[in-house]
């Protein structure tokens, strides 16, 4: 009798249990293992998940989590081809071997959960095409916005809308730096150095401060919001290195804060997309203006919903583990309902690439700061030059002097970026213009 | 050849098409019909949905939408039992006949989409029990937060967390009134009258201003966040009628704004819940403090995610139609994947009632305003009385005079509400105390 019961329990566990092969036990891996190993008070379906294999580089390294013997292995290739594994959870980061392992896992019929924005934004085409052919799911909630549920709403609930615009603060490091520059009046270099000391910025901060990380993320969000793949090299990326405390102070006076925004926009259904990352003057009353520190926020605008915004921690072990686990949960639920037919809201529904407009075609407001030699006549000359290229000005502020030079700040009305650049080229050749130290876009 | 093709097309359409029976063509019904009738640029699955029947009170009333002949009917009972109907979309509002029609539809094997917070918060037990028995889904995204996707994240992605607290601004009318009182320094009665004139408040504003609508919504959110049904009569509801412009001004000086918050909280997994609605002093730096006007926001706190917030339009035809349509889309996707087994993330997973602590057991900070006759000795007497009941004070402000009376405002540290009430009862019997015109909780 006892034997039979035990046997039934084993069969039941075999039947319902979903076996994970996790790749990587860094910060996010450790957080994910901790969450999945301690399920009380969480969704009961999590109890049906087994961490079956966990691939690491070294078996001897001290770990914050303890796992049953035989789970840890250094043979990552064996995990992605193990017939017992149902879902491969890729938490290695970086391009290789992450990309190859994901592709091998797909070829072996595994479903994929990944937090890897770099791989998805670069190799999404290859990965989703392979996944559709193999009939497996690829889940990427943790790739953008840390713990904030934004991928799933974009794929599911918000997709009944015609999305116009997705605007995100999606890089915590740069938002932290800009927030401190704003509140302390400090320079970029000083705050960056301190952020590196405190662990909020990497030793090599390029991916963050040059907008590349945000570029990966907005490429992913744009592909979901507008249903077309994105060539990453067509995403315009401008970082925050050139944002000065002078500009932050002027922006403040004019009623703006400066944020690194990642924007994807489509004015009409047939128009090319605008997908871009750049420091932006944001009106203080705008919902994104008050998102400070390492927090992320994503504002989605569409018809008929209007504006919705998602706000939360953009990184960190716990937040990212929440997103990774939510993807695992969604797969377990979908597989319980059907292993025969996919749920179309969890699969990737597009295959074509979206057309992306070059940055010269962008129509936006601009903020520009000029240092001029000869103050009295210079505003007239600026005005003439702007008029020639169809640039109209919303405000002109003449403020201080820098030695012999006067400082003039202008905010334009909407203008085509290419036209504005032509006007600036002509202005910079004027004898009375010393330099144009700042040029920023205005939301 | 042509005949065969047509036949195949017909079969295919029969096979994939999902037929809706919509009940009600008011604001939300009209918005939903408009969305579903104009699918270009939206999720392609929406094209597989057919508005098969639409139940209205009058066939002769002029409508903003045009429907094929035979779709409109006044026979709502026939819709919910029609064998052709797959999903019944209940947009009637009110308790009856909405509740009966939902139950009949469930009994006839229909899946349900409803925006009806009043029915779900009162009869959720009956409805979800019937739905689980019948093996159908009941979807309620539009019942809370208008267009904001919050029900689905709570049921799905966020459910991997141990939720501690859900705090919402979930009633647009009261948030509009409080925002105007704050910015204009106006009184409740004046702003309410103007809001009624402008259509932001109902002629009978009771459900909104007395916190009952918010109570319905927090009961629903609490049941999802904590996995247990809620007895609505155990939800403490206090509205905003007694919030005075004096208190808003004092709160402002102390660094707070006053918001009508709906809160559901659980300190430990085994502790009873606290579920309540009341005007609350919110610190200005808190994410909910800057949610103004008719907007809604829901802040979810849990382990390990930390804080995430959802923000958007809390009402309106377009926003609510987006939420209703997203539920329909989720059902179409789930039914395409499997009609045999339910997706466990879309079903209701709890059957038991949660234990709810009485408001006396709440531990919170308080704001209280006293009018006193005899200023010099009175603070000492207040202090003695507070000390006797374990109330410690965070700040005491003596401000103005009202004729012969002095005004004293205190903010306490955390204290058990029952103890604080006892202290106040004793204080109000003191000879030097004229009255205690205001008592508010502090976040």
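The values are calculated or read from the model by the stated rules, or taken from the named source; none is laboratory data. The model shown is predicted, which means the values in this text are computed figures rather than measured ones. Because the Cβ atoms are built from the backbone with ideal geometry, glycine has one as well, and the counts that use them run over all protein chains shown.
For the reader, a short list of remarks on this structure follows.
- Taken together, the residues in the range A:133-147 that are part of a helix (DSSP H, G or I) and in contact with a strand residue (DSSP E or B) (Cβ under 9 Å, 6 or more places away or on another chain) amount to 3.
- From the list B:320, B:339, the one residue that fits, being under 32 Å from the mean Cα position of the chain (by Cα), part of a loop (DSSP other than H, G, I, E, B) and within 14 Å of another protein chain (Cβ to nearest Cβ), is B:339.
- Flag for residue B:251 being touching a residue at least 60 places away in the same chain (Cβ under 8 Å), closer than 21 Å to residue B:208 by Cα, assigned by TED's automatic domain parsing to the domain that holds residue B:300 and buried (at least 23 other Cβ atoms within 10 Å of the Cβ): no
- Given (1) under 29 Å from residue A:343 (Cα atoms); (2) touching a helix residue (DSSP H, G or I) at 6+ places or on another chain (Cβ under 8 Å); (3) more than 9 Å from every other protein chain (Cβ to nearest Cβ), number of the condition residue B:276 does not satisfy: (1)
- Residue A:329 more than 9 Å from chain B (Cβ to nearest Cβ), more than 20 Å from residue A:442 (Cβ to Cβ) and part of a helix (DSSP H, G or I): no
- With respect to the conditions (1) surrounded by 14 or more Cβ atoms within 10 Å (Cβ to Cβ); (2) touching a residue at least 40 places away in the same chain (Cβ under 8 Å), residue B:361 lacks only one, and its number is (1).
- Only residues that are more than 9 Å from every other protein chain (Cβ to nearest Cβ) and either touching a strand residue (DSSP E or B) at 6+ places or on another chain (Cβ under 6 Å) or part of a strand (DSSP E or B) (or both) were counted across the range A:301-317, and they come to 2.
- Just one residue in the set B:430, B:405, B:424 is at pLDDT 95 or above and either under 16 Å from residue B:377 (Cβ atoms) or not assigned by TED's automatic domain parsing to the domain that holds residue B:252 (or both); that residue is B:424.
- Test: residue A:258 is outside the structural domain of residue A:138 (by TED's automatic domain parsing), farther than 30 Å from residue A:128 by Cβ and not in a helix (DSSP H, G or I): yes
- Candidate set from the range B:279-300 (those that are at the interface with another protein chain (Cβ under 9 Å from one of its Cβ atoms), in a strand (DSSP E or B) and over 20 Å from residue A:321 (Cα atoms)); member that is nearest to the chain's Cα centre (by Cα): B:297
- Considering A:430, A:439, the condition of being assigned to a loop (DSSP other than H, G, I, E, B), surrounded by fewer than 20 Cβ atoms within 10 Å (Cβ to Cβ) and in contact with a strand residue (DSSP E or B) (Cβ under 9 Å, 6 or more places away or on another chain) is satisfied by A:430 alone.
- Within the range A:206-237, tally of residues that are assigned to a loop (DSSP other than H, G, I, E, B) and surrounded by 21 or more Cβ atoms within 10 Å (Cβ to Cβ): 3
- In the range B:127-158, the qualifying residues are those that are under 20 Å from the mean Cα position of the chain (by Cα) and without any contact (Cβ under 8 Å) to a residue 40 or more places away in the chain, and the one that is farthest from the other protein chains (Cβ to nearest Cβ) is B:127.
- Residues satisfying the stated conditions in the range A:40-82, i.e. more than 14 Å from every other protein chain (Cβ to nearest Cβ), part of a loop (DSSP other than H, G, I, E, B) and in contact (Cβ under 8 Å) with a residue 24 or more places away in the chain: A:56, A:63, A:67, A:82
Residue by residue, here is whether (1) within 14 Å of another protein chain (Cβ to nearest Cβ); (2) within 30 Å of residue B:234 (Cα to Cα); (3) out of contact with any strand residue (DSSP E or B) (no Cβ under 9 Å at 6 or more places or on another chain); (4) outside any loop (DSSP other than H, G, I, E, B) holds:
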{"site": "B:346", "(1), (2), (3), (4)": "yes, yes, no, no"}
{"site": "B:349", "(1), (2), (3), (4)": "yes, yes, yes, no"}
{"site": "B:365", "(1), (2), (3), (4)": "no, yes, no, yes"}
{"site": "B:377", "(1), (2), (3), (4)": "no, no, yes, yes"}
{"site": "B:380", "(1), (2), (3), (4)": "no, no, yes, yes"}
{"site": "B:384", "(1), (2), (3), (4)": "no, no, yes, yes"}
{"site": "B:397", "(1), (2), (3), (4)": "no, no, no, yes"}
